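The values are calculated or read from the model by the stated rules, or taken from the named source; none is laboratory data. These numbers come from a predicted model, not from an experiment. With ideal geometry, Cβ positions are generated from the backbone for all residues, glycine too; neighbour counts draw on all protein chains shown.
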Amino acid sequence: LYDFWFALLNNTHAWSKMLNSDNLLPGQTLSLTFQFAVVHGYFELVSFIWNHITHPQREFIGLLQWRKVCFKAKDREVLHFLCEQLCAINAAGLARITWNTFYQTLQNSFQEDNIGFRQDGMHKLAFLLENICPRLRSAMLSMENFRAITDAFVYNQAELFALFLNYLEPEQLQLTREYIDPQKQLRILLRRQKTLARETIHTNVSLLNNITNN
């Protein structure tokens, strides 16, 4: 970031040179500045750079930086903005990139022997699902035949399972049941989930625990 500002202060034409490049990849200084702005929540700087680079550069720099920052970004506005913009450009590519990190974070949240690691994973998943665009959120939950949800169910991760259910669309609830309802336990839970869609996650956890105990 210091290199970025020093370049602008030392050369009055540096800004136009950074932004007027016809290359697919923006210069290193601009790319790193964009990454820093995303991670630390400088929305005005993120949107300014985004609005002044070419469409091919947006896709390249956006997808490249998204891989690095999707679980590091701390600002809701920045995360949502970047997600919506990238989904409009290449939704399938964004979903593939996000899924690898999403699933690895999910696996981390299963770590029973490391509470800090587990809580960090759950916090990151909750933050991402809350702030990404609906299109990407739907893709994450349905990826690989609803693998994230089925894993949470199989490993008896009640809080995560309830979190995922809270974001499923009605039609996705029906599809989910087909994959993880061998004993009809999930069918009961999904029926209750439809009638209590606006209840808190804690209520959903209690319902799941009651079903499991029965």
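Looking at Ile132, Ile115, can you tell me which residue is free of Cβ contacts under 8 Å to residues at least 40 places away in the same chain and not acidic (Asp, Glu)? Walk me through it before giving the result.
Working: Ile132 fails: free of Cβ contacts under 8 Å to residues at least 40 places away in the same chain.
Going through Ile132, Ile115 in turn, just one is free of Cβ contacts under 8 Å to residues at least 40 places away in the same chain and not acidic (Asp, Glu): Ile115.
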For Gln119, all conditions in the list (1) surrounded by 15 or more Cβ atoms within 10 Å (Cβ to Cβ); (2) more than 24 Å from Pro170 (Cβ to Cβ) hold save one; what is the number of the exception? (1)
So Gly41, is it surrounded by 14 or more Cβ atoms within 10 Å (Cβ to Cβ) and in contact with an Asp or Glu (Cβ under 7 Å, 6 or more places away or on another chain): yes
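Going by what's in this entry, would Ala95 be described as surrounded by 18 or more Cβ atoms within 10 Å (Cβ to Cβ) and out of contact with any Phe, Trp or Tyr (no Cβ under 8 Å at 6 or more places or on another chain)?
Numbers: surrounded by 18 or more Cβ atoms within 10 Å (Cβ to Cβ): yes; out of contact with any Phe, Trp or Tyr (no Cβ under 8 Å at 6 or more places or on another chain): yes.
Yes: the conditions hold for Ala95.
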Residue within region 48-59 that is assigned to a helix (DSSP H, G or I), of a type in the set (Asp, Glu), at pLDDT 85 or above and under 21 Å from Leu25 (Cα atoms) present: yes
Please determine, by comparing only the residues of region 44-66 that are touching a residue at least 24 places away in the same chain (Cβ under 8 Å) and of a type in the set (D, E, K, R), which one is surrounded by the fewest Cβ atoms within 10 Å (Cβ to Cβ). Glu59
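What about Lys68, is it on the phi < 0 side of the Ramachandran plot, within 13 Å of the chain's Cα centre (by Cα) and outside any helix (DSSP H, G or I)?
Working: on the phi < 0 side of the Ramachandran plot: yes; within 13 Å of the chain's Cα centre (by Cα): yes; outside any helix (DSSP H, G or I): no.
For Lys68, the condition - on the phi < 0 side of the Ramachandran plot, within 13 Å of the chain's Cα centre (by Cα) and outside any helix (DSSP H, G or I) - is not met.
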